[in-house]
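Everything below concerns the one structure shown next.
The values are calculated or read from the model by the stated rules, or taken from the named source; none is laboratory data. It should be emphasised that the depicted structure is a prediction, and the values quoted were computed from it without experimental measurement. Here the Cβ is made from the backbone with ideal geometry for all residues, glycine too, and neighbour counts use every protein chain on show.
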Amino acid sequence: MNGEAWLFLFAIVMAAVLLFTMVFFIIMFSDLECDYINPIDLCNKLNQFVLPENIGHAILAFIFLFNGAWVSLLLNLPLVAFNANKILNHRHTYDATEIFKTLPQHKKECFFKLAFYLLSFFFYLYCMIVGLLAEPIKPRH
Amino acid sequence: MSPQFSVAQSPHSICPASYKRCTLNVIPQTQAVLTKTKLPFGLIVTPYRSLLPGEEPVPVINPPQIVRCRRCRTYINPWVQFVEQGTRWKCNMCFLTNEVPGFFDWDTDARQQVDRMKRAELTHSVVEYIAPQEYMVRPPQPVVMLFVIDVSFAAVQSGMVDIVCKTILEHLDSIPNSDGRTKVAFIAVDSSLHFFNLNVSFSDDSLLFPNHNLVVSDIEDAFLPLPEDLLVTLTESRLVIEKLLSNLPNLFRQTKNSQNALGRALQIGFKMISAIGGKIVVFQGSLPNLSEGGLKPREDPKLLGTPKEVTLLQPSNHFYKGQYIDIATLTGLSRVTGGGTWYYPSFNVSNPQDTAKFSAELHNFFARPLALEAVLRVRASKGIRMTRFHGNFFLRSTDLLALPAVNPDNSYGIEMEIQDPLGSSSACFQTALLHTNSNGERRIRVLTLTVPVTDTLGDIYTGADQYAIATLLAKKGIEKCLSSHIESARDEMVSRLCDIINSYKAAFTSSGQNSMLILPENLKLLPLLIMSTLKHIAFRTSGVIPSDVRSFAHAMMCVYSTESFVPNVHPRFWALHTMDSLAGTVDEATGQVIFPTVLNLSSEKLERHGLYLMDNGTDIFVWWDAPLPRNFVGSFLDSHSDGIVPGKTTLPQLPNDWSKREDGDANLRMLFLSHLMEDKLDSGNSYPLFWDTLGRS
């Protein structure tokens, strides 16, 4: 396997992890709606995962940058900028006192991210296969 | 609904509007019809409101078992139906039939038949149950009050510390303490935290150490110096507390410390009372600027009146979720804990009116009924869903409001929608407030409101409650103000009003019949109320309103009940010189005071040599134009003509009133004129012009 295939293999794993985080977020939000969990517990729990999720995504983008995978980088940059903007404005954590007012918005955001990670998962898969196919076929002895 | 339709046909089956009112007194069957009318659908609930003089108290009942629907947990109420010869009752929310318990007809103690139709839960729409064990997670808590007093330079200089201590000292008796369990604690804050040992044993050596004052100056790593003796029972440590309160101002008289670590004090205070829960009363005379929750002065006159103004009105710091003290951020504290905020602009102890107002309001604050560790749940008939809540509370789940302390003045706005078409001929809204009152009793206050359901558009319009609609729209507007900006909140209110007018016109006039603006009789005042709301300090477009004043207006608007909202945006205005001889006396037939005719709020009503009185619920203005007869001033204002100071003053028996003289303070003159809602004001249109803009849009 060549470098490009390894890179995208890593990206696939990363995308899968992020995908699962988003699924977890969405499950927690619907739990809140059904009153299985109270807003304070929910926010304490979810806030632990917000930064790791954002950092994980940023690391992925950095790896694309250093490996010169420009198309993938370009696809990921808007989300990195969006996350960074939220963190800089201190809006990235969930606020238990406002959670019910902002819930539809949070859910929309999570679904959007979910779709994005899912699409990028398949995109990286495609890229990995392309990378594998691009390997020169070694002549048989 | 007429009481005839209730099960006991008692006149008390109707829920008084002051407790709970719906914006629509007749509600449509489906959401489609509701959307067509454009009328907002919601409730204004003031569950714990103070009783007016002469009003009967809420009936308190203690049945062997609290009767509730098995499925939807609705409390039995005057609007249920008895079926199967009265052996079962049909829930009026989910229509499930439930068993009627035996004690409804048979008193086991007295061994005799009783009439179930005499039971308070079937005759009264507002009842209070004494809650049994199942409704408690722990024994009812005692009343706990923690006073956090700002003793930094600014607060001491303004005299706030003196007056706070003096007032608390005077009103120690009015702190609810019927069971003798009430606990109090004091923390003084500047750049360090001062705790006071209030243990009884310290009262002896008090000559040397007036009160054992424990200073924690390392606020970054603050701790509770004495876990036990800081929070003490009021009855036991009464003497020590009195001594402390009389000495506290002297202790800090010479202070030069201008810093204030309120945030840390609140954290420590929370730690102190968290085992029991209770009320934290914060007296703040300066901007908290140190440590956790420290704020920076943000007031910038350049921003006032610009779209950026909203940045000043949004909390700068998420820690408080209460000269310039950043009300916008500090109110966050009361907003999520169900509390209240009082704001005294440019408070100074040398002004006796200020101190009187403060003292009277603080007394009121202590003396009013207190409810702690409360939860409020709103249930509605099947098909109706609550979408949004407005007010001061912490939303614990989709329909459960947590209120660590219930402020009787606070009301809660609830927006609703119709999810499924309503099947029955009436809809019911039930609010249950589970709380611990100041006697240490766990109680449930249940308010039940029933409104008829219709499918005719006309009935919906004629049943609409314009006052409740205006209140709800204003509360929505405040939320909009804080999330985007004032201008968009104003636009939204105006466009909502236009929508209502247009949809009414579309439904009841054939096209081209006339282009006049028409509204049903009971919505006639809605445009005036909306226009007055737009001119209220909370929404007015003006470049001169300090952001503290604006934020305070927002905070109040959030919690106003309809009864206090209406006079506040549209004051009552009377001409005293033309009133007839009967006015002001008590009508013997009704027992009510006869009021003079209310005037329109327009300066064309102001005549020369006239005398006018205006009341907006918090302030009273007296306006006169010419020198008044000496005897009048004496009898009316209880002072001599030449002794009247233009400015704030107190009328006999009416605390916190303002009086004003023509050649007096220009600011007060402006304030009075700004209440004349029908006139043009700054950028606000006069009433005819406002109508004109409505007609064109």
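Within the bounds of the range A:97-114, is there any residue that is outside any helix (DSSP H, G or I) and surrounded by 15 or more Cβ atoms within 10 Å (Cβ to Cβ)?
Within the range A:97-114, one or more residues are outside any helix (DSSP H, G or I) and surrounded by 15 or more Cβ atoms within 10 Å (Cβ to Cβ).
Look at A:Phe122 and say whether it is within 14 Å of another protein chain (Cβ to nearest Cβ) and of a type in the set (Phe, Trp, Tyr).
no
Which ones in the range A:30-61 are modelled with pLDDT of 90 or more and in contact with an Asp or Glu (Cβ under 6 Å, 6 or more places away or on another chain)?
The answer is none; no residue qualifies.
Hey, can you tell me all the residues within the range B:409-461 that are closer than 26 Å to B:Val80 by Cα and among the polar types (S, T, N, Q)?
B:Gln419, B:Ser424, B:Ser425, B:Ser426, B:Gln430, B:Thr431, B:Thr448, B:Thr450, B:Thr454, B:Thr456 - these are the residues of the range B:409-461 that are closer than 26 Å to B:Val80 by Cα and among the polar types (S, T, N, Q).
Hey, can you tell me all the residues within the range B:406-420 that are away from every other protein chain (no Cβ under 14 Å) and small (Gly, Ala, Ser)?
Within the range B:406-420, just B:Ser411 meets the criteria.
Could you please let me know if A:Thr93 is within 14 Å of chain B (Cβ to nearest Cβ), at negative phi and touching a Leu at 6+ places or on another chain (Cβ under 9 Å)?
For A:Thr93, the condition - within 14 Å of chain B (Cβ to nearest Cβ), at negative phi and touching a Leu at 6+ places or on another chain (Cβ under 9 Å) - is met.
Checking B:Thr471 against (1) outside the structural domain of B:Ser50 (by TED's automatic domain parsing); (2) in contact with a helix residue (DSSP H, G or I) (Cβ under 6 Å, 6 or more places away or on another chain); (3) farther than 22 Å from B:Ser125 by Cβ: exactly one of these is not met. Which one?
For B:Thr471, the exception is condition (3).
Quick one: count up the residues across the range A:30-55 that are buried (at least 18 other Cβ atoms within 10 Å of the Cβ) and basic (Lys, Arg).
Within the range A:30-55, residues that are buried (at least 18 other Cβ atoms within 10 Å of the Cβ) and basic (Lys, Arg) number 0.
Note down all Cβ pairs under 9 Å where the first residue falls in the range A:95-106 and is over 12 Å from B:Arg388 (Cβ atoms), the second is at pLDDT below 85 and among the aromatic types (Phe, Trp, Tyr), and they're at least six residues apart or on different chains.
A:Ala96/B:Phe394; A:Thr97/B:Phe394
Could you tell me how many of the residues in the range B:435-449 are modelled with pLDDT under 90 and in a strand (DSSP E or B)?
5
Would you tally the residues in the range A:95-139 being of a type in the set (Val, Ile, Thr) and over 15 Å from A:Leu46 (Cβ atoms)?
Final tally of qualifying residues: 3.
For the condition modelled with pLDDT of 90 or more, away from every other protein chain (no Cβ under 14 Å), under 30 Å from B:Leu395 (Cα atoms) and assigned to a helix (DSSP H, G or I), what is the one hit in A:Phe10, A:Phe64, A:Phe24?
Just a single option satisfies the conditions, and that option is A:Phe24.
Is there a residue being assigned to a helix (DSSP H, G or I), touching an Asp or Glu at 6+ places or on another chain (Cβ under 8 Å) and over 20 Å from A:Ile12 (Cβ atoms) anywhere in the range A:80-93?
no
Among the residues that make up the range B:390-405, is at least one of them more than 18 Å from B:Arg73 (Cα to Cα), crowded, with 20+ Cβ neighbours inside 10 Å and more than 14 Å from chain A (Cβ to nearest Cβ)?
Scanning the range B:390-405, I find at least one residue that is more than 18 Å from B:Arg73 (Cα to Cα), crowded, with 20+ Cβ neighbours inside 10 Å and more than 14 Å from chain A (Cβ to nearest Cβ), so the answer is yes.
Using the structure shown, decide if B:Met93 is closer than 25 Å to B:Ile460 by Cβ, touching a Cys at 6+ places or on another chain (Cβ under 6 Å) and surrounded by 18 or more Cβ atoms within 10 Å (Cβ to Cβ).
yes
Looking at B:Leu39, B:Leu52 in this structure, which one is among the aliphatic types (A, V, I, L, M), surrounded by fewer than 14 Cβ atoms within 10 Å (Cβ to Cβ) and either part of a loop (DSSP other than H, G, I, E, B) or within 33 Å of the chain's Cα centre (by Cα) (or both)?
B:Leu52
Taking the range B:366-389, which residues are in contact with a helix residue (DSSP H, G or I) (Cβ under 8 Å, 6 or more places away or on another chain) and away from chain A (no Cβ under 13 Å)?
B:Phe366, B:Ala367
For B:Thr471, only one of the following conditions fails: (1) in a helix (DSSP H, G or I); (2) more than 17 Å from B:Ala538 (Cβ to Cβ). What is its number?
(2)
Which ones in the range A:29-48 are within 14 Å of chain B (Cβ to nearest Cβ), more than 17 Å from the chain's Cα centre (by Cα) and in a helix (DSSP H, G or I)?
Scanning the range A:29-48 gives A:Phe29, A:Ser30, A:Asp31, A:Leu32, A:Glu33, A:Pro39, A:Ile40, A:Asp41, A:Leu42, A:Cys43.
Looking at the structure I just gave you, is B:Leu122 of a type in the set (A, V, I, L, M) and at pLDDT 85 or above?
Answer is yes for this residue.
Please go through the range A:1-29 and pick out each residue that is loosely packed, with under 13 Cβ neighbours inside 10 Å and polar (S, T, N, Q).
Answer for the range A:1-29, where residues must be loosely packed, with under 13 Cβ neighbours inside 10 Å and polar (S, T, N, Q): just A:Asn2.
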